[in-house]
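Note sheet for the following structure.
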Amino acid sequence: MFLKRLFLSGLLLGLGQAIAQAAPVGGKTHILNKSNFESTTKEGTWLVKHFSPYCPHCRTFQPKWENAVSLRAQQLGEQGVYFGELDCSENMNTCRDNG
């Protein structure tokens, strides 16, 4: 029973992380995927976070990424530098080809 609860808790935590990752961070991060990666990143300079919602290191990095985006997105955006996020668990080939 304990393992069943632990698995369910882990599953819900992972799902919550995946949903949180899908939303733009303060409207400053572009959510990239296989269908929009090339067209979106063809102009300007891009800082792209390649991540997986299942990766502990990625989840640890998320608050630092959000802080960097919130502090610099507007200032750097005026200079042609943009932030993007690419979920490698859903866009494996795009991550492999561009990361």
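Bear in mind that the values in this text are calculations on the coordinates, not laboratory data. What you are looking at is a predicted structure, and each value in this text was computed from that prediction instead of being measured. Glycine gets a Cβ as well: all are built from the backbone with ideal geometry, and neighbour counts include every protein chain shown.
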### Query
Near residue 64, which aspartates and glutamates are there with a Cα under 19 Å away, not counting those fewer than 8 places off in the same chain?
85, 87
### Task
Can you tell me which of 68-74, 86-92 comes out highest on packing, and rank the rest after it, using the mean Cβ neighbours within 10 Å?
86-92, 68-74
### Query
Counting Lys and Arg as +1 and Asp and Glu as -1, what is the net charge of the other residues whose Cβ lies under 13 Å from the Cβ of residue 57?
+3
